[in-house]
Amino acid sequence: MIKVYTSGTWDLFHVGHLNILKASKKLGDYLVVGVSTDELIFSYKKHYPIISFEDRFKIIESCRYVDEVVKQEILLSIEEIDKINPDILTIGSDWKNKYLEGIEHFKKNKRVVYFDYTDKVSSTIIRKKLNSIYNKRLCDKID
């Protein structure tokens with residue numbers, strides 16, 4: 001059995017997230033997905049997710065491509081990855097040139113697959129659109 005592990009924020013779930021889960025599942029027989037806690041996300045993104053950890057966990061858990069969901073409190077921790085013991089680690093291509101101890105540790109003995117972002121969709125883009133709509137409505141009320 002080939003076990004694949006991927007992790008992420010999974011905030012404002014969109015087709016790009018679905019593409020990552022689907023592509024990750026195609027690489028193996030069993031897909032484990034880490035969902036980052038609100039505190040972990042704030043520690044490196046400097047903002048909290050819009051959707052709570054509990055709800056993001058439930059959303060990922062309900063996806064048909066996902067076999068198991070785990071709480072991620074440390075960004076790709078060696079200890080957590082070793083406990084899950086996957087054969088393949090998948091991650092977004094934005095991490096390709098960034099150092100993460102867990103990825104480097106994993107690369108020594110196993111396979112890391114980087115996935116490109118789906119064009120024109122990301123939680124950041126959605127967040128910006130929502131802010132723009134909110135700000136426009138706020139300005140319309142003031143006028």
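Since every read-out is calculated from the coordinates, none of them should be taken as a lab result. This is a predicted model, so every value here is computed, not measured. No Cβ is skipped: glycine too gets one built from the backbone with ideal geometry, and neighbour counts run over all protein chains shown.
Given points 7 Å out from each Cα along the Cα-Cβ axis, report the ILE2 to GLU101 separation in nanometres with one decimal.
The modelled label-to-label distance comes out at 3.0 nm.
For the chain, what is the calculated [θ] at 222 nm in deg cm²/dmol (nearest 500), taking -39500 (n - 2.57) for each run of four or more DSSP H residues and dividing by its residue count?
The per-residue figure over the chain is -13000 deg cm²/dmol.
Taking neighbour Cβ counts within 10 Å as the exposure measure, how do VAL112, VAL32 sort from fewest upward?
Ascending Cβ contact count within 10 Å gives the list VAL112, VAL32.
Please give the net charge around ASP29, taking every other residue with its beta carbon less than 14 angstrom from that of ASP29, where Lys and Arg add +1 and Asp and Glu add -1.
Summing Lys and Arg as +1 and Asp and Glu as -1 gives 0.
Binned at 10 Å from 0, what are the whole-percent values of the Cα-Cα distance distribution for the chain, short to long?
Final binned percentages: 11, 40, 34, 10, 5, 1, 0.
Considering only DSSP states other than H, G, I, E and B, which trypsin sites (Lys or Arg not before Pro) in the range 1-85 qualify as loop sites with at most 13 other Cβ atoms within 10 Å?
LYS46, ARG64
Can you sort TRP95, TRP10 by how many other beta carbons sit within 10 Å, fewest first?
Ranked by crowding around the Cβ, least crowded first: TRP95, TRP10.
Could you work out the relative contact order of the chain, using alpha carbon pairs under 8 angstrom and six or more residues apart, expressed as a whole percent?
27
If we count every other residue with Cβ under 15 angstrom of PHE42's Cβ, Lys/Arg +1 and Asp/Glu -1, where does the sum land?
Local net charge: 0.
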